[in-house]
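The values are calculated or read from the model by the stated rules, or taken from the named source; none is laboratory data. Since the model is a prediction, treat every value here as computed from it, not as a measurement. When we count neighbours, we look across all protein chains shown, and the Cβ atoms used for this are built from the backbone with ideal geometry, even at glycine. Each accessible area value is taken on the protein alone, full model and side chains, heavy atoms only, with ligands, DNA and RNA left out. Shrake-Rupley method; radii C 1.70, N 1.55, O 1.52, S 1.80 Å.
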Amino acid sequence: MSAAIADTMRSEWTKFRSIPSNLPILLATVTVMVGASALTTSRASENHQAVGAAFDPTYISMYGGFLFAQISVGALGVLVVTSEYATGMIRTSLTVVPRRGRLLAAKVWTFGLIALVTGEVAAFCSFLLGQIMIGAGGASPATLDQPGVLRAVVGMGLVWVLVGLIGVALGCLLRNTMAATTMVTAVNFIIPIIGPRLMPAAVGEWVTTYWPISAGLQVITTAHHPERLAPWTGFGLMTACTAALLMAAFAVFRLRDV
Amino acid sequence: MIRIDRLTKRFGDRTAVDGLTFTVEPGRVTGFLGPNGAGKSTTMRMVLGLDKPNSGSVTINGRDYVGMTRPMREVGALLNAHAVHDRRTARNHLLCLAQTNGIPGRRVDEVLELVGLESVAHKRAGSFSLGMGQRLGIAAALLGDPQVLLFDEPVNGLDPEGIKWIRELMRGLAGENRTLLVSSHLMSEMAQTADHLVIIGKGKLIADIGIGEFLRQGSNVLVRADDQDRLVPRLVEAGGSIQQGTDGSFIVTGLDTRQIGKIALDVGVVLTELTPQRSLEQAYMGLTRDSVEFQAGAA
Ligand SMILES: Nc1ncnc2c1ncn2[C@@H]1O[C@H](COP(=O)(O)OP(=O)(O)OP(=O)(O)O)[C@@H](O)[C@H]1O
Ligand SMILES: [Mg+2]
């Protein structure tokens, strides 16, 4: 990494932490993930017997909280770009870093790292607390040394990163906070989570298997569902889609007048 | 030195900058004048690579701005002082900018002091008055101690003391042999600051001229007198041309205040006002009249 991009990333980190609400929101997001996971886990472990072999204590301990947390991770990613357009700061930023690709790359790397650190913390805390609750509920909890469990927990943090970067990319493409957060919520929540209940069965099935975030979330499962993609395959699909969105964002960002 | 060569920028079917060519030399303040919508800001944005020209080119000290690795050390710009995240403190705002170019935090404190904002360094930029915002923008431009400076309407929102301060700052910077391009649509302001003028209208170059020569081009005096009818013919006889105002005043061109005063004394007319006024403004208006886009309707 060249010195210039490292300097720009340092600046992006200062930008992020010097907006008074960002760090508290990040902390709240981790808390919400852990708290909501605990609630949904205790609910799920009540009827674990009915589910039988399909009961996935690792997945259960993180998924419920993630559904809530991802909304604000995506929104924070959006704001990394759109808050600069809303305030006009983008002009100043591009005056001091006229290489557009460098500025956007610094935003992607910096927010990616922020999402990675907080995502991993949230994933491990949710997992550990969830397993205590599952044990207390009478089911058998998962441990990190069981096959696929560590991959699933680490993978949860990686999905945070992708959700955050989808936010950055859509923020850059749309430039407007409202439009981009709505879009991120539609793409990562409404279509994959609520959509399949409303769509024709075949379409719903396709969305549940191939929609980027649905595919990506296979990485947090340990009991594999034969109709879904394999954990890393699904995650790879989501990564590829995120990369495509980011590439579009870079292309547009380079060409546009500010 | 900034070299602008046949620069053209279109927005849809509107040509904002139209084949503009001029150079900005070091060691002097170059005033960049034109009425609203003339294309001054667009030209400055193209110098900084924010807008892409449809044709033509800009170089700064022979180089392309976008290619500079640490541009703040070579070029400082104040485009829109309000292009600041309003929830960030002044110091943090400057620190974000400084870090991109590897400028140390100590320099941030230096420029804050230089522009007189050290006491509000930890206040949100959004709480700043117009003038404070302008000072913050100037602080940002000075961070890298650059050789070339672009200021787009720097006196906007400043009080008289602030205007005096920035005028002296700009004079000082030019004295250090730096290159300064300063835009304004107020001739009177530029008359006191600039050494050289580049005047544009509707995106085209109207004049590229030294301030001294520009001043010599016309001198007007605003006169108000008790008995105009006796005075005016004598002024015309003496070589003045008269332009009647609507409120009983009139403007004399071609005679200076002393000559007018003497004529009034000769004919025994009391002068109630004698102001060598807006001569520059008038000359400037004369030059740009044909290219003003947004003109108020006659009252
Ligand atoms: N992003 C844009 N899209 C469309 N038109 C634009 C854009 N930016 C500027 N223009 C047009 O280009 C012309 C030049 O505008 P510019 O802002 O450069 O003028 P200016 O000389 O800076 O005026 P002012 O003194 O009011 O600041 C105007 O007619 C303006 O409407
Ligand atoms: Mg302007």
Quiz item: For B:D18, all conditions in the list (1) open to solvent by 10 Å² or more (accessible area, probe 1.4 Å); (2) touching a residue at least 60 places away in the same chain (Cβ under 8 Å); (3) within 14 Å of ligand 2 (Cβ to nearest atom) hold save one; what is the number of the exception?
Solution: (3)
Exercise. Give the residue that is farthest from B:A194 (Cα to Cα), with candidates limited to residues of the stretch B:8-22 that are more than 10 Å from ligand 1 (Cβ to nearest atom) and among the hydrophobic types (A, V, I, L, M, F, W, C).
Key: B:L20
Practice problem: Identify, from the list B:G27, B:G39, B:G49, B:G34, the residue that is open to solvent by less than 40 Å² (accessible area, probe 1.4 Å) and in contact with a Phe, Trp or Tyr (Cβ under 6 Å, 6 or more places away or on another chain). | Solution: B:G49
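Does B:T89 satisfy the condition of being surrounded by 18 or more Cβ atoms within 10 Å (Cβ to Cβ), within 11 Å of chain A (Cβ to nearest Cβ) and farther than 24 Å from A:R99 by Cα?
yes
Out of the residues in the stretch B:5-14 meeting the condition of being open to solvent by less than 60 Å² (accessible area, probe 1.4 Å) and either in contact with a Cys (Cβ under 6 Å, 6 or more places away or on another chain) or more than 16 Å from ligand 2 (Cβ to nearest atom) (or both), tell me which one is farthest from B:G67 (Cα to Cα).
Filtering first and then ranking leaves B:T8.
Of the residues B:A77, B:A98, which is within 12 Å of chain A (Cβ to nearest Cβ), aliphatic (A, V, I, L, M) and within 16 Å of ligand 1 (Cβ to nearest atom)?
Residue meeting the stated conditions: B:A77.
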Quiz item: So which of B:L197, B:L255 is buried (at least 16 other Cβ atoms within 10 Å of the Cβ) and at pLDDT 90 or above?
Solution: B:L197
Self-check item: Matching option when the condition is at pLDDT 95 or above and closer than 18 Å to B:V75 by Cβ, among B:L112, B:L150
Solution: B:L150
Quiz item: Would you pick out the residues in the stretch B:23-74 that are more than 14 Å from every other protein chain (Cβ to nearest Cβ), closer than 14 Å to B:I199 by Cα and not in a loop (DSSP other than H, G, I, E, B)?
Solution: B:T23, B:V24, B:V29, B:T30, B:G31, B:F32, B:L33, B:K40
Quiz item: Residues of the stretch A:224-238 being assigned to a helix (DSSP H, G or I) and open to solvent by less than 50 Å² (accessible area, probe 1.4 Å), which ones?
Solution: A:P231, A:G234, A:F235, A:G236, A:M238
